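A.B. asks: The structure that follows is given in the form of structure tokens.
Laboratory data are not the source of any read-out in this text; all were calculated from the coordinates shown. Since this is a predicted model, take the numbers as computed values, not measurements. Every residue, glycine among them, receives a Cβ derived from its backbone with ideal geometry; neighbour counts consider all protein chains shown.
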Amino acid sequence: MNLSKHAIAAYQTAVMTTPPLQAVVLLYDGILVRIHNAGIAAAQGDYTRQYQEVSRAIEILRGLLAALDLQAGGKVAANLAETYRVSMRALLATVGRKDAETACRRIGEGLRTLRNAWAEIAGMPV
């Protein structure tokens, strides 16, 4: 089995065995890591890397947004959708700004609050 097929098989196994709430928490963790990395890159003046990290965080946020069921989720889903959209716009706006590290920290703090709420629901560490 080549590396790509092995990676795909491992991913499929993880998807099948990770409970959905835990998967959401792990996605938030991925977002937070990328936002943190974007802040560090901005502080170092590495705006290309900052953009790449912001783009990765936005892709995960887009995935979370696409997974929302706005019909069944009601007001909670609508509020999450708005939070994801605002976060995506705010992250993109940080690229190349002098205060990007601070802005990334603030965005990350807000998303960390959501992450911790999901973690509590999933019975995971906050």
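A.B. asks: If a/c stays under 1.5 just call it rounded; otherwise compare a/b with b/c (prolate if a/b is bigger, oblate if not). Do that for the stretch 24-72, with a ≥ b ≥ c from the square roots of the Cα gyration tensor eigenvalues.
C.D. replies: Taking the square roots of the gyration eigenvalues as a ≥ b ≥ c, the stretch 24-72 is prolate.
A.B. asks: Would you work out which of 45, 23, 88 lies farthest towards the positive end of the dipole of the chain? Charges go on Cβ: Lys and Arg +1, Asp and Glu -1.
C.D. replies: Farthest along the dipole direction, towards plus: 45.
A.B. asks: While we're looking at this one, here's another question. Mind listing the Cα extents of the stretch 20-122 along all three principal axes, in Å, largest one first?
C.D. replies: Cα spread of the stretch 20-122 along its principal axes, largest to smallest: 43, 22, 18 Å.
A.B. asks: Place a +1 charge on the Cβ of each Lys and Arg in the stretch 20-122 and a -1 charge on the Cβ of each Asp and Glu, then give the dipole magnitude about the Cα centre in debye, rounded to the nearest 20.
C.D. replies: With Lys and Arg at +1 and Asp and Glu at -1, about 200 debye.
A.B. asks: Within the stretch 38-64, what residues put their amide N at less than 20 Å from the label point 7 Å along the Cα-to-Cβ vector of residue 106?
C.D. replies: The answer is 38-45, 50-51, 54-55, 57-58, whose backbone nitrogens lie closer than 20 Å to the label point.
A.B. asks: Let me ask you something else. Pop a pseudo-label 7 angstrom from the Cα along the beta-carbon direction at both residue 67 and residue 85 and give the gap in nm to one decimal.
C.D. replies: 2.0
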